[in-house]
Each structure stands twice: as C-alpha cells, then as structure tokens.
Amino acid sequence: MSAFVNYVADDGRASPLNLAVVRVLLGMYVIWRVLSLEWAAYGEWPEFHVDETIGFLHQDLFFALLPYQQWVVAALLVLFVVGYRTRWTGGLASLLLMHMLSVKATIYLAGTVESLFVCSYLILMFALFAEDDRLSVDALRRTGDRSLEELNAVLTDETNRVYRMRALKWGLLAVAIIYVGSAWGKALNGPLEIWFSGAELQRDILFNREMTGIERAAGAPIVENELLAWVGFVGTAAVQVSLFVAAVLGLSVTLPILGIIGFHVSVILTLGLYFIDMILVLSLFAAWDGAYRRLAADADDEATVVYDDRCRVCTRALVPFVHLDSTDSVRFVPRSDAPAELADREAALSLSHDGEVSEGYEAFRRLLGRFRLLAPIAWGLGVSPVRAVGTRVYERAVPDRRRRPSDAPEPGRS
C-alpha cells in the first residue's frame, strides 16, 4: 500500500477516515496560523510597493478589519473541525481567509501567505463536497432525517462500502497545478542560459545570505559548484512537475510527494524556513486509513453488538461506528434477529466478546474501546465520576425495557 493516495486516479476509499483526519488537521493548523499572525500590525507597516494587480485591496478599511476577521475565521474553523454545517462554516472561513491573505499580499507576499492560500482552497473543497464526510457532526445530524428502516439497513449491511473523497481529489489536483506553476515560473525567470548554468539557484542563496547575514553550511557547496547548482535548480522543477504528471496518469504519487518534501527540506537548509507549511499540506494526502487499519482490531477478533432496532437513539448513535469499522470487527445485530440468550436481555444495547457480555453504558464504553483510536476516550469514560454521570445520561437517553412501558413511544420520538 502506498504511503500517499492518488485521489485524482480514484477518489473512492474503503473508509471515510481520511476526510475526517484531514478536516481536523487542516482546520486546527489554520486556526493556529491565523491566530499567531499579527494582523493588526500590517496596517501600521511603512509604505511598500503595492502590487497593482490587486491594488484595489490596499485599503485602510480592509487593514482595520483584519484583527476582527481573524477571530471570525478562527470561530468558523472550530465548527469546521468538528464538521458542523461544513458547507457554510468552511465556505465562509475559506473566503474570509482568502480576502485577508490578499490584503496582506498587497504589501508582502510571503511563503506563509501562499501556503495559507492553498489551505483555503482545501477548506473550500470540503465545503463544496460536504456530503462526502461521514464522520462529522453534520453526518450525525443527517441520520435524523432517515427512517428506522434505513438506519437499521446501514447497521446490518455487510457489503463492501466505498466512500468518495472528492474534496481530496480536487485538492490534490489544485496542489499539483500550483507546483507546475512554480516550475513554469522558474523557466520564465530568466534567459535560457540560466537553466544550463544553475546561476538562478546560486543567485538566490547569495541574495539570502546578504539579506539575512546568515551563512548556511548546506548552501556553500551549491554556490561553489556550478553542476550541483544546475542539478538542484532543474531537479527541483522536474520533481514539482512530476506530481501533476503522476496524478493525471493514475500513477503512485508517493515518490513525487516525497521528492517535493525533500525539496522543501533542502530549501530550509539552504535558505531558511520558507514554505515549511507546504510539508504539512502535502502530508494531508497520506494514506491515514491504512495506518488506522493497522491500529484497528483484527477481523478475527469479532465482537457482537445487539441493539434495540426500535430505538432511534440507539441506531443513530451506532451509525458512526459502522463507518469506523474498517476491519469489520464488529457485527451489529438487531434484537429481533439476535440469539435468545442476547435478545432476552433488558438493556437496549449489549456487547458480547470472548464470552463476556456487557450491557448499557458499559457496552457503549467497551464498543468505543474496540476502536483503538478512541481507546483514550473509552478509558476516560470508565473513570468513576465520569462513569456515574455517563450512566445517568445513558439511562435518560436510552431507557431499557424494564423502565419503558409497553405502550410508550420508541426513544427519540415524541
């Protein structure tokens, strides 16, 4: 299995985990970046040459709004991280952030700005294809619109599922095109002889040394060796183009992405912390679901969950676990189809594993523990004070048959 996924070739995966992981990592990273930048200071900078192509954005009002937009974007991204109304929170956050970055770019277009633009594109892709994300608050909310029959069908369906990753497909293509643009910019940044002499890279290193007053040991051999400078300059362009070529031809993108990460590391060593953010952006396309499968319970170590198939609260709460169960290590059985020794139990939820049966709140906690990614949460729910409160909450939300009159409406319905 490849370390990175070519979503352009195939945007279908057996697990929806990659979308959830990327949403959380991307959102939290951008929150940190947005809050760490001194937006208020940009309006106080001395006059700089304004890029005339976006000069209309160089307005005092826009600079005055930046510190307030900063907090609005951060608040929207908190909701985006948990997947709440992603179409609106992600869409508005990305557009507001693009405006902020464009205003900043009128005075100074730094690597951080360009990297955050890429992050904004990715967030916008999540907003456009929000319905693909099955491990979000929105996905849980959508189960409220489904009938009991539909919910039970999701829990008992044993066919192989395919989850679309359109946000990551178009996000990867956008990143690949951006790198092609970077390579093309190298070709346009001087006469043809620069390509054959490597002088462009040598010039960048010498200029950086003069501007910062820092002489980096890794840059000295490139400055002194024309062949090495040529290899670095042309090799960088080649590896940047290779990502786009691999993506559209349906080839593995692992080597191109590792090559580009290597390029960014070499830039850090020779020029400083430029475009370091792009290393995280590229890592978003890693096969997170493959790593998760190695952590997940083995399919042979199966647990059986018997649930009250008349209870909407039960069925809705269990749907996310179906999507998380990438190894099919949990079998969900409606009480109406369960063996007598399990169907006769009073609790609305029971879990059987290795001959041990748990009921109610404890069954739910053990079910969480089956997914090792959620094991810390399961452990926390077992701490005495938390367990006492959790048990009360569970009993109020999911009454068992002993406490529910035979003519009472099903839980979750009034």
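Tabulated data
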{"read-out": "Phi-based couplings in Hz for the range 6-11 (Karplus 6.51, -1.76, 1.60; Gly and Pro marked x)", "value": "8, 6, 5, 6, 7, 8"}
{"read-out": "Placed amide H near R331: partners under 5 Å, 5+ positions off or other chain", "value": "A303, T304, V305"}
{"read-out": "Largest-first ordering by accessible area, 1.4 Å probe, given options E359, E52", "value": "E52, E359"}
{"read-out": "Percent of Cα pairs exceeding the 19 Å cut-off, where the set is the range 2-144", "value": "54"}
{"read-out": "In Hz, Karplus ³J(HN,Hα) per residue of the range 355-366 (6.51, -1.76, 1.60; θ = phi - 60°; x = Gly, Pro)", "value": "x, 9, 10, 10, 10, x, 4, 5, 5, 5, 5, 5"}
{"read-out": "Computed E for L35/A388 - FRET, C-beta separation, R0 41 angstrom, nearest 0.05", "value": "0.65"}
{"read-out": "Segment D10-R396, length gained on full extension (0.36 nm per residue, minus Cα span)", "value": "134.5 nm"}
{"read-out": "L61 paired with W88, simple spin-label distance in nm, labels 7 Å along Cα-to-beta-carbon", "value": "2.5"}
{"read-out": "D309 long-range amide H proximity, modeled H, under 5 Å", "value": "R335, S336"}
{"read-out": "Probe 1.4 Å - accessible area at T112, Å² to nearest ten", "value": "40"}
{"read-out": "Stretchable slack from L148 to E52, in nm (0.36 nm times residue separation minus alpha-carbon distance)", "value": "28.6 nm"}
{"read-out": "Hz values of 3J(HN,Hα) by residue in the range 275-288 - Karplus curve (6.51, -1.76, 1.60), Gly and Pro given as x", "value": "6, 5, 4, 5, 5, 5, 4, 5, 5, 5, 8, 5, 7, 4"}
{"read-out": "Rounded accessible area of R85 (nearest 10 Å², 1.4 Å probe)", "value": "110"}
{"read-out": "Highest to lowest packing among 159-169, 364-374, scored as the average C-beta count within 10 Å", "value": "364-374, 159-169"}
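The values are calculated or read from the model by the stated rules, or taken from the named source; none is laboratory data. What you are looking at is a predicted structure, and each value in this text was computed from that prediction instead of being measured. Positions of Cβ are backbone-derived with ideal geometry, glycine not excepted, and every protein chain shown enters the neighbour counts. Protein only, heavy atoms only, side chains kept; ligands, DNA and RNA dropped before computing areas. Shrake-Rupley method; radii C 1.70, N 1.55, O 1.52, S 1.80 Å.
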